[in-house]
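Encoded as C-alpha cells, the structure appears first; notes follow it.
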Amino acid sequence: MRPKAKGLVRPLITKPVQPLSSHMHLFLLCLLFLSALFLTLSEAVCNLQDRESLMSFSGNVSSSVSPLNWNLSIDCCSWEGITCDDSSDSHVTMISLPFRGLSGTLASSVQNIHRLSHLDLSHNRLSGPLPPGFFSTLDQLMVLNLSYNSFNGELPLEQAFGDGSNRFFPVHTIDLSSNLLQGEILSNSIAIQGAINLISFNVSNNSFTGPIPSFMCRSSPQLSKLDFSYNDFSGHISQELGRCLRLSVLQAGFNNLSGNIPSEIYNLSELEKLFLPANQLTGKIDNNITQLRKLTSLELYSNHLEGEIPMDIGNLSSLRSLQLHINKINGTVPHSLANCTNLVKLNLRVNRLGGSLTELDFSQLQSLRVLDLGNNSFTGELPDKIFSCKSLIAIRFAGNKLTGQMSPQVLELESLSYMSFSDNKLTNITGALSILQGCRELSTLIMAKNFYDETVPSKEDFLAPDGFPKLRIFGVGACRLKGEIPAWLINLKKVEAMDLSMNRFVGSIPGWLGTLPDLFYLDLSDNLLTGELPKEIFQLRALMSQKTYDATEENYLELPVFLNPTNVTTNQQYNQLYSLPPTIYIRRNYLTGSIPVEVGQLKVLHILDLHSNNLSGSIPYELSNLTNIERLDLSNNYLSGRIPWSLTSLSFMSYFNVANNSLEGPIPRGGQFDTFPKAYFEGNPLLCGGVLLTSCTPATTTGNDELKRTFLVGIAIGYFISFISILVVRPRWV
C-alpha cells in the first residue's frame, strides 16, 4: 500500500443536483396543503353551525365602543363574550356582551344556537322586535337578559305552548326591563308556561298594557321575583298572585292598577318587598298585612287608600322602609310602630293623620334616617323624643298644627342635613336660629309660615363664625317677619337657594347679596323693600357662568323641596338641588329707579320677575344677552320707551309680560313674540302692532326702525373712525 502524502487534501468531488420531477412537486404541494388543513381543523374547534349563527348575529350589529373582531380567529369559542361547553364539537352555551355599545337588531340566527343557556345583551342600544318563536326555540336557555335596550313591538307568540304538550324549559331568569316593548303579556307569548324553574321575571319600564299576568304562578313554583313596575298595566291585581308561595319581591308600581289589594297577597309568607305605588288602588290596608313577618319594604304611596294604619304594624319587625304618603289614611300613628326597630325610612306625608306625636316612643327607632310626617293634622308640641333617633339625617314636619319652640336637643342629631317644619305654629325665631346654626351638617333648612310677626335678628355677629357651615337651601318665607334683611346672611358662603319672600322686610336690598358665591335662586318677593335695584345683585357669580360641580357634592336631596313660585295651583316638587331654576324674584315691592344694565351678565338666569314695583326708565337692550331666560316679567311698573327688538333672539323665552307700563312703539315681531297673548302688552296706550291689532303711525310701520337707526349710526361712526385713522396714521416710506 502506498503511503498517503503528508499535507495533501483530497479534493471533494460533488455530483450535480438533479431537478425535482413534476411528481415530486405535486407531492410537496399536497403535503403543505394537508398540513395547513390539519392546522385549520385543529383550530376550528367550535360547532360550525354555532359559528355561522354568531357571524350572522355580528353582521346585524355595530359597536360604538370597539368592534367585536370576531373574524380574527376561526375558533368562535375564543371570541369575546362567547363560552362553549366541553363536548367534542364545542357548542356555544353563553353569549355575554353587556355594556358593549351595540346597536342594530337581534338576528334570528341566534335561535339556531340550540345549546345556548345564557344570553346577556343588556345595557346596549339594540332595537327592533324580538324574532318570532324566540323563546320556544331556545329550549336550553336558563338566563335571558335583554334589559336596557330599545327592543320594541309585542312579545312574539309561542305556538309551542298552544298544542297541549308538556314541554319544560330550564329558564330561571328573564329580564326584559327598560325597553320599548308593548302589548299584553299572554300565556302563549313567552316561554313561561313550561318554565318550572323560573325564579325571576322582570318586565319593568316598558309599555305593556292589559292586566298583570299571573299565569306563571301556576307553572313556576320556585318563582321569587316579579317586577311589572313602570308600565301601563290596568285592571285589578289578580288573586292568582297569591299562589306564588315563594314570592319574595312583588313590584307593580307606577301603572294604572285599580281596586283593592287582594287579601291573597297577605298569604305570601316569604314576601320581603311589596311595591305598588303610583296606581289607583282603593280600600283599606288590611290588618292581615302584618302576617308578612319577613317584609322589609312596604311602599303603597300615591294611591287612594283610606282607613287607618293597621294597629299591629309593629309585628313587621323586619320593616326598613314604610312609605304610605299621598293617600287618604286617617286616624293616628299606632304606638306599635315603635316596635319596627329596623325602620330606616318612614314617610306618611299628605294623609289625614292626626293626634299628638308626643305619645309615640321614637327612642326605639335608632336606625331611622328619614322621617316625613308633613301635610297632616298632627297637633301638640314638636316632639322632643324624635331627637333621640340618633341616625336621623332628614326630618319634615311641614304642614301640620304643631306648636312650641325649637328644642336644643336637636343638636344631638349630629348627622342631620335636612329639616323642614314650615307651615306650623312655632314661635321664637331667634331661639330657633341660635340653636339650629349649631347643626354642623345641616344643608337644607325650611322654616316658612311660622314665627308670625316676629322681628328677625339682623346684626351680622348674630351668626357664630362656624354657624350653618354647610347650609345650601334656606327658606323663611311667608312669616311676616319684621326688620331689615339680616346682615348675618352674608356669612352663608355655601347657600345656593334663599327664600325671604312674603315678609315685611324694609329698607333697601343690600348689595352684599351679590357677593354670595354660589347663590343662584333668590326670592325677595312680597316685602316692603325700597330704593333702587343694586347692580351687585346682577353680578351673582353663579348666575353669570355655569358652575362646575365637584363629583363629591351631593345633588339629590334627602327629601324633596316644594315650591310654588308662579302661583300655580300645585306645588312643584324638586328632588335635586340643581333642578331648581336659576331665578331672581323681586316682585311686589316698592323699588324705584331703572333696571341696571349689568342684568345682561346673568347668562345662566332662567327666570327674572320684577313685576309690580315702581321701576322706571327703558327696558335695557342688554336683556337680550340672557340667552337662557325662560320667564321675564316686567309688568306693572313705570317703564317707558320701546321694547328692544333684540329680545326676539331669546329663543327659550316662553313668558314675557310688560303689561301696565308706559311703553310705546311697535311690538317686536318674530321668534317667541309671535306666541305671547294680548294681555301681556295691554295697559301701554302707546304700544301698537302685533297682537294688539292696532296700526302704528307711518314712522313706525316698519317695526324695526330702532334697529335700522342703530345700524346706520354704527356705519357712520365706523366710517368716521376709518377716515380719521387714514389721516393720522399715515404710512412712512423708506
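A compact table of results
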{"item": "Region 93-110 residues that are of a type in the set (Phe, Trp, Tyr), paired with ones that are surrounded by 16 or more Cβ atoms within 10 Å (Cβ to Cβ) and modelled with pLDDT of 95 or more (beta carbon under 6 Å, 6 or more apart)", "result": "PHE99/HIS123"}
{"item": "Strands (runs of 3 or more DSSP E) wholly inside region 392-490 containing at least 3 residues that are touching a Phe, Trp or Tyr at 6+ places or on another chain (Cβ under 8 Å) and polar (S, T, N, Q)", "result": "none"}
{"item": "Search result, residues across region 280-297 that are open to solvent by 10 Å² or more (accessible area, probe 1.4 Å) and assigned to a loop (DSSP other than H, G, I, E, B)", "result": "THR282, GLY283, ILE285, ASP286, ARG293, LYS294, THR296"}
{"item": "Any hit, region 293-300, residues being farther than 24 Å from SER204 by Cα and either under 23 Å from the mean Cα position of the chain (by Cα) or of a type outside the set (A, V, I, L, M, F, W, C) (or both)", "result": "yes"}
{"item": "Conditions (1) at pLDDT below 95; (2) of a type in the set (A, V, I, L, M); (3) open to solvent by 60 Å² or more (accessible area, probe 1.4 Å); number of the one not met by LEU382", "result": "(3)"}
{"item": "Residue match in region 323-343 (condition: buried (at least 20 other Cβ atoms within 10 Å of the Cβ), touching a helix residue (DSSP H, G or I) at 6+ places or on another chain (Cβ under 8 Å), modelled with pLDDT of 95 or more and farther than 22 Å from GLU359 by Cα)", "result": "no"}
{"item": "Index of the failed condition, ILE212 passing every other in (1) β-branched (Val, Ile, Thr); (2) touching a helix residue (DSSP H, G or I) at 6+ places or on another chain (Cβ under 8 Å); (3) open to solvent by 60 Å² or more (accessible area, probe 1.4 Å)", "result": "(3)"}
{"item": "Considering residues of region 563-604 that are β-branched (Val, Ile, Thr) and not in a loop (DSSP other than H, G, I, E, B) only, the residue most open to solvent (accessible area, probe 1.4 Å)", "result": "VAL597"}
{"item": "Test: residue in region 679-686 that is charged (D, E, K, R), over 18 Å from GLN601 (Cα atoms) and within 41 Å of the chain's Cα centre (by Cα)", "result": "yes"}
{"item": "Hey, ARG369 open to solvent by 60 Å² or more (accessible area, probe 1.4 Å) and under 22 Å from MET498 (Cα atoms) or not", "result": "no"}
{"item": "Scan of region 254-298 for residues that are of a type in the set (Ser, Thr, Tyr) and either in contact with a helix residue (DSSP H, G or I) (Cβ under 8 Å, 6 or more places away or on another chain) or closer than 14 Å to ILE237 by Cβ (or both), ordered by number", "result": "SER258, SER263, TYR266, SER269, THR282, THR290"}
{"item": "Qualifying residue in region 650-667 (condition: more than 30 Å from ASN555 (Cβ to Cβ), over 31 Å from the mean Cα position of the chain (by Cα) and acidic (Asp, Glu))", "result": "yes"}
{"item": "Whichever residue in region 437-457 is within 14 Å of LEU557 (Cβ to Cβ) and among the β-branched types (Val, Ile, Thr) and, among such residues, is nearest to the chain's Cα centre (by Cα)", "result": "THR444"}
{"item": "Residues that are in a loop (DSSP other than H, G, I, E, B) and within 22 Å of ASN625 (Cα to Cα), drawn from region 515-547", "result": "PRO517, ASP518, LEU519, PHE520, LEU533, PRO534, LEU540, SER545, GLN546, LYS547"}
{"item": "Residues of region 265-279 classified as open to solvent by 20 Å² or more (accessible area, probe 1.4 Å), farther than 18 Å from ASN327 by Cα and either modelled with pLDDT of 95 or more or among the hydroxyl-bearing types (Ser, Thr, Tyr) (or both), total", "result": "4"}
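Yes or no, residue by residue, for (1) under 30 Å from PRO560 (Cβ atoms); (2) in the same structural domain as PHE538 (by the TED database); (3) modelled with pLDDT of 95 or more; (4) of a type outside the set (A, V, I, L, M):
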residue	(1), (2), (3), (4)
VAL599	no, no, yes, no
SER616	no, no, yes, yes
LEU626	yes, no, yes, no
SER635	no, no, yes, yes
TYR638	no, no, yes, yes
SER646	no, no, yes, yes
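The values are calculated or read from the model by the stated rules, or taken from the named source; none is laboratory data. These figures come from a predicted structure and were not determined experimentally. With ideal geometry, Cβ positions are generated from the backbone for all residues, glycine too; neighbour counts draw on all protein chains shown. Note: areas computed on protein heavy atoms with side chains; ligands, DNA, RNA excluded. Shrake-Rupley method; radii C 1.70, N 1.55, O 1.52, S 1.80 Å.
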